[in-house]
Amino acid sequence: MHTQQELRENWNHVKGRIQERWGQLDDDDLDRAKEDVNQLIALIQHKTGESPDTIAHFIDEAAEEDPSVTEKVKEVSRQYAEQAQDVGSKYYQQAADTVAESYQHVQSTVRERPTESMALTFAAGVITGTLLGVMLRSR
């Protein structure tokens, strides 16, 4: 078990880890018990039903963790998420631009050659209908 001094030095980190594991504990409860490890264990046991040994082990592990490592992991994760978002936005914009260009090309083709466009559309409809009919008949 860690000393009171060690617990006080890492209190914010330990408190955060306790609240991650046992969300039903609020800040006021934990702040009242922060000066006494035994009181803290009793409080958590009362609110959660966990065994004192499990709670003490968890507090020891949380107090041993280096909060700066946790913060570094959070920062690296945030940076990767931002990079992924930037890449996703870039490819989305490229796809949107390509679709818009293709749509404009189709519009201009239909304006320039309306008869051929109608014939092509009619032929595509007939082929699609024929294929659907064959597929549905084979069931």
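The values are calculated or read from the model by the stated rules, or taken from the named source; none is laboratory data. Given the structure is predicted, the values throughout are model-derived calculations rather than measurements. Because the Cβ atoms are built from the backbone with ideal geometry, glycine has one as well, and the counts that use them run over all protein chains shown.
The listed residues are Val37, Val126, Val69, and the only one of them that is loosely packed, with under 11 Cβ neighbours inside 10 Å, of a type outside the set (Ser, Thr, Tyr) and at pLDDT below 90 turns out to be Val69.
Pairs meeting the criteria (first residue in region 16-38 and over 16 Å from Gln5 (Cα atoms), second residue outside any helix (DSSP H, G or I), beta carbons under 8 Å, at least 6 apart or on different chains) are Arg17/Glu65; Ile18/Leu25; Gln19/Leu25; Trp22/Glu50.
Being within 29 Å of the chain's Cα centre (by Cα), among the polar types (S, T, N, Q) and in a helix (DSSP H, G or I) narrows it down to one residue among Gln85, Gln107; which is it? Steps first, please.
Working: Gln107 fails: within 29 Å of the chain's Cα centre (by Cα).
After applying the criteria, what remains is Gln85.
Would you call Ile44 touching a Leu at 6+ places or on another chain (Cβ under 7 Å) and within 27 Å of Lys72 (Cβ to Cβ)? No, not satisfied. Leu40 is checked against (1) farther than 17 Å from Gln19 by Cβ; (2) part of a helix (DSSP H, G or I); (3) not small (Gly, Ala, Ser) and fails just one. What number does that condition carry? Of the numbered conditions (1) farther than 17 Å from Gln19 by Cβ; (2) part of a helix (DSSP H, G or I); (3) not small (Gly, Ala, Ser), the odd one out for Leu40 is (1). Is there a residue in region 90-103 that is more than 30 Å from Thr121 (Cα to Cα), in a helix (DSSP H, G or I) and within 29 Å of the chain's Cα centre (by Cα)? Yes; the residues of region 90-103 include at least one that is more than 30 Å from Thr121 (Cα to Cα), in a helix (DSSP H, G or I) and within 29 Å of the chain's Cα centre (by Cα). Restricting region 43-66 to residues that are assigned to a loop (DSSP other than H, G, I, E, B) and among the charged types (D, E, K, R), the residue that is surrounded by the most Cβ atoms within 10 Å (Cβ to Cβ) is Glu50. Scanning region 70-82 finds one or more residues that are in a helix (DSSP H, G or I) and touching a residue at least 40 places away in the same chain (Cβ under 8 Å).
Look at region 99-110: where a residue is surrounded by 10 or more Cβ atoms within 10 Å (Cβ to Cβ) and a partner is polar (S, T, N, Q), sitting 6+ places away or on another chain with Cβ atoms under 6 Å, you get Val110/Ser117.
So how many residues does region 111-123 have that are surrounded by fewer than 10 Cβ atoms within 10 Å (Cβ to Cβ) and of a type in the set (Val, Ile, Thr)? Step through it out loud before you land on a result.
At the first step, the residues of region 111-123 found to be surrounded by fewer than 10 Cβ atoms within 10 Å (Cβ to Cβ) are 111-112, 115.
Okay, now just the ones that are also of a type in the set (Val, Ile, Thr), so 115.
Here the count works out to 1.
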